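Working notes, structure below.
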């Protein structure tokens, strides 16, 4: 009996763990085993799921599976190409003059661009209580009082749901929501410059909202359908029209973003009812769309679950792509109806170590590679080609790489009297330019990529990354101020060239030629502690090679942003991720009127060059073609010569994927990639069982050790007690 | 006793105001309302108008502590500090800066935090007190010496090492439990085994040494000598007399911790993916969400005060000589 009681805890443990199936460390419910489920993870909880507010990639990972804007990016084709999603076709703008008469695209009389978008009929929304109707056809849950919501904590607590067909009005309604006074759309400022009447519409809504508040109905539903928006109208049930000021060909890219996804008026009204927001029942928490998946569990503290939308119409897998796609098996499902996966489970992983280990155990289907696990996961060949390590290859894991549509850079503040370009006299400007050029040569980004990014990046010759129109590969694309073309590759110029430029700038040997004082420059950057020290030391070393004394002004990100905003930072390192695959989205970072310090624009370096600005105005409205390329080349030449940035590098994305995942091709623009993926759940189940067999001998050792250490204590106890008894 | 409790509760009010003021000052020394708005609105394409609108909607457009433009009492009440603090005293935590209900989050996350904290606390107390009694029993022997050495070694190791080492051995190499995650109901046990085990083991060193010191101090007292002289066994002396008399210093350290169990563990919850209040606080700090930070600091302060009060009350239970007036 006594022996049995000693073993009760161990027995209970064994029974508890044994209940989990043949593997004990599976973090998912045993009933999900073998299911057609994709497992992924997220680090940061999404802040917004309302498509009018959401702008981060983390959030798009969820929203883009649920919401369907009219357009999307082709999954396989490169360069990136827009294709219809809910639209019948990619809209071609019609250009009109101020009087509304049609004019040619190149005509200087173009006053407006008109986009007419026709959506496909028969597209249905996911099941949702906002659409539920009673026997009389009335919406069931649209006149709820606060007390009706007692006992309601999530959408599952509404017993009825319904659906309805997607209409053009839903798209119009969402565009109106960009101007909603209670919402914060990050693109409202930009869109109000283009969409005719949006600014005035916002003012009217503001007044209407104020009137509601004054009438004691603060936060009551503001029915946007009652307010006409001049530039956006539904033409018929399936067609809507957007009128844009002037020419803005990049507008089509915005039509592939969730800001332009449909939101039905019923849903807006449903969530606006009293008591809903207090229970977190908002569109910001429960997205409603027509996409292949719907969010069925939203617990951003632990996990979020997407399940197949039963009302999804199905969409054929693409049958065109790049030549290499066929060999990679990316056409195996061509023409089949998507999505292929029933359910996607996203688990919250705040720390990298558990995430990585669970991936290796087969509990996540794909993973990024942190610096800590890079050596374990990746091997570089003699030619510099990246591949998986033998350990990964043995597990059937494969590596997918792609150059991101992003640029990391080192900026010189154009307003700074020493390194900038706004000095009143030409001689000072020339000196500052040579100083910037010298620093651009000295900053060895190839070394930076090797040390701090494990080789995951390519050095940048300009702001435009590969894969975006305007990027030139090879000798034609190099930055001649910083690189020479040698043996078929760009070679950074020697430090002697940089030192000569420094001397010409008036600082021979890093000292002011007139005063003899050493040249001291300041780098503003974020400094999060000892982890950042190697990076900051690297910058110091690069400047010391010229030699220039570099002072680091480390601070937190908020202060850093504030300094850049006020134009108070002399030099700083930052980055830009593309919104859309058009050169304009990079070239505007140097557009003078968008100076950060002057207008709070995105030109963080506050660069200004009248010729560049003039060319930018031309380029931004042009269609891709030789003429546009020629102008971009000229703009690149200006940037190379002026060197407002030391063009750092374009980061490379590395991802690891288990062998049971197929149809995965990195796509830096499309976020709606889950519908294309397929998994072999049976293979995954086998591999998991093989990789996670419980090792039981340590339990036995622990038991023996405990017994071994308890025995002498027990023996000593008895001996003492007996000794006391005898005494 | 009741008068004492009521008096102590009244004392708590200025303490809580002070804590609130301190939190407020520290937070806004580091973050401005503009920073908070930018954090919520994102980095890209944020206009000054959007920032002003965000601040106005949440009341962050007012002066921090003193409103020069107001009249009378409004100079103090029409401020961010007053508006954000006053409701806390009726436990109305309002909404987080991202618009979500803080009270609901706290209710939801309290369970997972307690699911780790309570077993860790009880099991840890049992293990460390037992181990300390054992060392006290074998005082001045090799067992005692090596036991103390083990304790010093264990308390010298960072808790992060226990977590990473535990996850590596138990989950990654031996495949006995999931590395991280959480599930509701009975299924939670699978996810709690490892964090509880690690938390208990990580606490053994310091707690055992503390309790051993207390027991050794008691063992040297006259009443213990008297008990032994009466012929009581060492076990009876230890459990019936020493343990009971050592309760006051033990209670001082233990009871005050009980209410704080609600607050969760920042590190353990983060590494094991437990959706508790510890990770909620960490998230809020990272997101510069003042509404959540102040709510969590306020609750922590209230619980600490309650813990101290419970400690005082528990003295009367274990020591009849103590009377609260």
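The values are calculated or read from the model by the stated rules, or taken from the named source; none is laboratory data. Just so you know, these numbers come straight off a predicted model, no measurement behind them. Every residue, glycine among them, receives a Cβ derived from its backbone with ideal geometry; neighbour counts consider all protein chains shown.
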Being within 14 Å of another protein chain (Cβ to nearest Cβ) and either touching a strand residue (DSSP E or B) at 6+ places or on another chain (Cβ under 9 Å) or under 23 Å from residue B:237 (Cβ atoms) (or both): is that true of residue B:126 here? yes
Taking residue A:455 and the conditions (1) surrounded by fewer than 21 Cβ atoms within 10 Å (Cβ to Cβ); (2) touching a helix residue (DSSP H, G or I) at 6+ places or on another chain (Cβ under 9 Å); (3) not in a loop (DSSP other than H, G, I, E, B), which numbered condition does it fall short on, given that it satisfies the others? (3)
Can you tell me which of B:199, B:130, B:206 is surrounded by fewer than 20 Cβ atoms within 10 Å (Cβ to Cβ), part of a helix (DSSP H, G or I) and either outside the structural domain of residue B:243 (by TED's automatic domain parsing) or within 19 Å of the chain's Cα centre (by Cα) (or both)? B:206
Residue set A:220, A:202, A:234; condition part of a helix (DSSP H, G or I) and either in contact with a strand residue (DSSP E or B) (Cβ under 7 Å, 6 or more places away or on another chain) or farther than 24 Å from residue A:87 by Cβ (or both); output residue A:202
Pairs with Cβ under 8 Å, 6+ apart, first in region A:474-488 and outside the structural domain of residue A:464 (by TED's automatic domain parsing), second surrounded by 14 or more Cβ atoms within 10 Å (Cβ to Cβ): none
Filter pass, residue B:178 being assigned to a loop (DSSP other than H, G, I, E, B), under 24 Å from residue A:693 (Cβ atoms), within 12 Å of another protein chain (Cβ to nearest Cβ) and out of contact with any strand residue (DSSP E or B) (no Cβ under 8 Å at 6 or more places or on another chain): yes
For residue A:210, only one of the following conditions fails: (1) part of a helix (DSSP H, G or I); (2) surrounded by 13 or more Cβ atoms within 10 Å (Cβ to Cβ); (3) more than 33 Å from the chain's Cα centre (by Cα). What is its number? (2)
Can you list the strands (runs of 3 or more DSSP E) lying wholly within region A:21-104 that have 1 or more residues being at pLDDT below 95 and under 16 Å from the mean Cα position of the chain (by Cα)? A:37-42
Restricting the search to region A:373-408, which residues are without any contact (Cβ under 8 Å) to a residue 60 or more places away in the chain and within 26 Å of residue A:471 (Cβ to Cβ)? A:381, A:383, A:385, A:387
What number of residues within region A:652-663 are modelled with pLDDT under 95 and either over 24 Å from residue A:66 (Cβ atoms) or part of a loop (DSSP other than H, G, I, E, B) (or both)? 2
Only one residue in B:302, B:292 is within 13 Å of another protein chain (Cβ to nearest Cβ), at pLDDT 90 or above and part of a helix (DSSP H, G or I). Which one? B:292
Filter result (touching a strand residue (DSSP E or B) at 6+ places or on another chain (Cβ under 9 Å) and surrounded by 14 or more Cβ atoms within 10 Å (Cβ to Cβ)) within region A:174-199: A:175, A:176, A:178, A:179, A:194, A:195, A:196, A:197, A:198
When the residues of region B:142-163 are filtered to those that are within 24 Å of the chain's Cα centre (by Cα), surrounded by fewer than 14 Cβ atoms within 10 Å (Cβ to Cβ) and assigned to a helix (DSSP H, G or I), which remaining residue is nearest to the other protein chains (Cβ to nearest Cβ)? B:160
Out of the residues in region B:15-40 that are free of Cβ contacts under 8 Å to residues at least 12 places away in the same chain and either away from chain A (no Cβ under 12 Å) or not in a loop (DSSP other than H, G, I, E, B) (or both), state the one that is surrounded by the fewest Cβ atoms within 10 Å (Cβ to Cβ). B:29
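So that you can scan it fast, the table gives a plain yes or no per residue for (1) at pLDDT below 95; (2) buried (at least 17 other Cβ atoms within 10 Å of the Cβ):
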residue	(1), (2)
A:302	yes, yes
A:319	no, no
A:327	yes, no
A:334	no, no
A:338	no, yes
A:354	yes, yes
A:360	no, yes
A:363	no, yes
A:371	yes, no
Unique residue being facing another protein chain (nearest Cβ under 10 Å) and out of contact with any strand residue (DSSP E or B) (no Cβ under 6 Å at 6 or more places or on another chain) when the list is B:111, B:99: B:99
Restricting to region A:135-171, name every residue that is touching a residue at least 24 places away in the same chain (Cβ under 8 Å), in a loop (DSSP other than H, G, I, E, B) and over 17 Å from residue A:282 (Cα atoms). A:160, A:163, A:164, A:166, A:167
Count of region A:541-572 residues which are part of a helix (DSSP H, G or I) and either within 13 Å of another protein chain (Cβ to nearest Cβ) or surrounded by 15 or more Cβ atoms within 10 Å (Cβ to Cβ) (or both): 12
Out of all the residues in region B:182-198, is one or more touching a residue at least 60 places away in the same chain (Cβ under 8 Å) and away from every other protein chain (no Cβ under 14 Å)? no
Which of the numbered conditions does residue A:117 fail, given that it passes all the others? Conditions: (1) within 32 Å of the chain's Cα centre (by Cα); (2) surrounded by fewer than 20 Cβ atoms within 10 Å (Cβ to Cβ). (2)
Among the residues of region A:254-267, are any over 20 Å from residue A:60 (Cα atoms), outside any helix (DSSP H, G or I) and modelled with pLDDT of 90 or more? no
Yes/no for residue B:166 being crowded, with 18+ Cβ neighbours inside 10 Å, assigned to a helix (DSSP H, G or I) and either away from every other protein chain (no Cβ under 11 Å) or modelled with pLDDT of 90 or more (or both): yes
What about residue B:242, is it away from chain A (no Cβ under 12 Å), farther than 26 Å from residue B:91 by Cβ and assigned to a helix (DSSP H, G or I)? yes
Tell me, yes or no, whether region B:50-66 has at least one residue that is away from chain A (no Cβ under 14 Å) and loosely packed, with under 13 Cβ neighbours inside 10 Å. yes
Identify, please: which residue in region A:388-407 is farther than 13 Å from residue A:653 by Cβ and surrounded by 15 or more Cβ atoms within 10 Å (Cβ to Cβ) and is, among those, nearest to the chain's Cα centre (by Cα)? A:407
Lone qualifier among B:12, B:86, B:70, B:56 - being assigned to a loop (DSSP other than H, G, I, E, B) and either within 24 Å of the chain's Cα centre (by Cα) or free of Cβ contacts under 8 Å to residues at least 12 places away in the same chain (or both): B:70
